[in-house]
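Quick notes on the structure that follows.
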Amino acid sequence: MRIVQELLFIIAFGMAVYLFSTKVRQIRRNILLGRDKDLNDHPDLRWKNVLLLAFGQKKMFRNPLVAVLHFFVYAGFIIINLEILEIILDGILGTHRLFVPVLGGLYPVLISAFEVLAVLVMLGCAIFLIRRNILKLRRFISKDLNGWPRSDANYILLTEIVLMFLFLTMNTADQQMQLRGSEHYIATGNFLITGSLASIFNHTSDGTLIAIERTCWWLHILGILAFLNYLPYSKHLHIILAFPNAYFASLEPAGEMENMPAVQREVQLMLQPELAANESAPEGMPKFGAKDVFDLTWKNLLDAYSCTECGRCSAACPANITGKALSPRKIMMDTRDRAEEVGRNINKNGAFTDDSKTLLRDYITEEELRACTTCNACVQECPVSISPLDIILQLRRHLVMEESSAPAEWTGMFSNIENNMAPWKFSMDDRDKWATEMNQ
């Protein structure tokens, strides 16, 4: 019987790892569909960002209460799952609590810490469910989240509560069996939470207790393997991608826009025509801005897959607050959805086949893009270093520079800048005339 259980576990574990790694490779491929961009400078500052933003969740602590609750869930997910290593090895080897002889007296201390975290995770998830579904904070009831995104968040929170409950129930039954001196349930010492709950099972038969412990053990590990394969399809992929995204975050001053080398060159030659004699013309016509995910950078696509859909960006966006169509959160969700659609196209055809769709217009409208004030509030608020603004700017550049599509007010300003070197409709010779007239 034990060999059958080991075999079933190995099959389940192998399938879960295979499916997860397959999806991860597809996501990596989708991200690398974007243009290349070198972000390997200043590794010391980049590792600092990882420690402060990803591990330390620095931006979350602007709201201390929410940050602490989120930290409980985050720490629980990371730290408690260290215990999964023991469960996996037990499942493969057919052992029970393999690390007890290795860790000795440290073992009950570690498991007790895991149990405290499990209780805090359940508390944090319950409060987050209340915030989303009962208190209904504005950023959680936005139309951005209609349908699957809203359900996704609830599914994850409920799953984490169930997994922690199974973990605690398993340990409680285990502690009772240890008290009864069962041969298979070796003595580990008292666990802080479940040790005090073991008396609940005082009148439960050994057979029933073993069934409870084994059922919880199997449901706990199978639930975690299922959760592992759910992550790549969920907004909770940020649990993994927040770390590389923080490392590759922009190190430029906040709000600084990236100039296009081709445009810079033309402006420089306009101001200093004598440089043209020493310049060789660039090969081919440069492409201005972005129309589809292929035109964005790989960092933009990594941003899209790292989005937590928390809505802090949209809650801080002045355009969104005043009722405009723009929602930075939707920009990121749309970009990810388009990248996923392109990925499915590649999976089906072996290579991308034109589907007559683009990120611009089919997913993100001109109205959304033109509402952006480029204030950088969305970038400032994002807890995992995402820049919706960069995607907005690139799509808007395509509209203006490739399609000559801009509102009349913008067109007038562009003409003035081109003809008069300033946004105003005055020649350079007349620009200071008002000052002369004041002295008359």
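The values are calculated or read from the model by the stated rules, or taken from the named source; none is laboratory data. It should be emphasised that the depicted structure is a prediction, and the values quoted were computed from it without experimental measurement. Methodologically, a virtual Cβ is constructed for each residue, glycine included, from the backbone with ideal geometry; neighbour enumeration extends over all protein chains shown. When the accessible area is computed, the model is the full protein with side chains, heavy atoms only, and any ligands, DNA or RNA have been set aside. Shrake-Rupley method; radii C 1.70, N 1.55, O 1.52, S 1.80 Å.
Couple of notes before you dig in:
- Out of Thr194, Thr204, Thr159, Thr169, sole residue that is free of Cβ contacts under 8 Å to residues at least 40 places away in the same chain and touching a helix residue (DSSP H, G or I) at 6+ places or on another chain (Cβ under 9 Å): Thr204
- Residue in region 212-232 that is open to solvent by less than 50 Å² (accessible area, probe 1.4 Å), over 33 Å from the mean Cα position of the chain (by Cα) and not small (Gly, Ala, Ser) present: yes
Yes/no per residue for (1) open to solvent by less than 10 Å² (accessible area, probe 1.4 Å); (2) among the aliphatic types (A, V, I, L, M):
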position	(1), (2)
Asn300	yes, no
Ala316	no, yes
Lys324	no, no
Ile331	yes, yes
Glu340	no, no
Lys348	no, no
Ala351	no, yes
Asp354	no, no
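- Gln5 satisfies every condition listed in (1) surrounded by 13 or more Cβ atoms within 10 Å (Cβ to Cβ); (2) modelled with pLDDT of 90 or more; (3) of a type outside the set (Val, Ile, Thr) except (2).
- Members of region 143-185 that are open to solvent by 60 Å² or more (accessible area, probe 1.4 Å) and among the aliphatic types (A, V, I, L, M): Leu158, Val162, Leu179
- For Val66, the requirement of being open to solvent by less than 50 Å² (accessible area, probe 1.4 Å), within 20 Å of the chain's Cα centre (by Cα), without any contact (Cβ under 8 Å) to a residue 24 or more places away in the chain and under 24 Å from Ile386 (Cα atoms) is met.
- Within region 131-142, tally of residues that are open to solvent by 50 Å² or more (accessible area, probe 1.4 Å) and closer than 23 Å to Cys313 by Cβ: 6
- Taking the numbered list (1) buried (at least 17 other Cβ atoms within 10 Å of the Cβ); (2) assigned to a helix (DSSP H, G or I) in turn, Arg97 passes all entries but (2).
- Subset of region 186-211 (residues that are crowded, with 16+ Cβ neighbours inside 10 Å and touching a Lys or Arg at 6+ places or on another chain (Cβ under 9 Å)): Thr188, Leu209
- Ala75 vs. criteria open to solvent by less than 30 Å² (accessible area, probe 1.4 Å) and touching a Leu at 6+ places or on another chain (Cβ under 9 Å): yes
- Restricting attention to region 49-82, the residues being at pLDDT 80 or above and outside any helix (DSSP H, G or I) number 3.
- Identity of the residue in region 31-48, in a loop (DSSP other than H, G, I, E, B) and of a type in the set (D, E, K, R), that ends up farthest from the chain's Cα centre (by Cα): Asp41
- Residue list for region 368-391, filter: among the aliphatic types (A, V, I, L, M) and within 24 Å of Asn49 (Cα to Cα): Ala377, Val379, Val384, Ile386, Leu389, Ile391
- Residues (more than 16 Å from Val379 (Cα to Cα) and more than 17 Å from the chain's Cα centre (by Cα)) located in region 322-343: Thr322, Gly323, Lys324, Ala325, Glu341, Val342, Gly343
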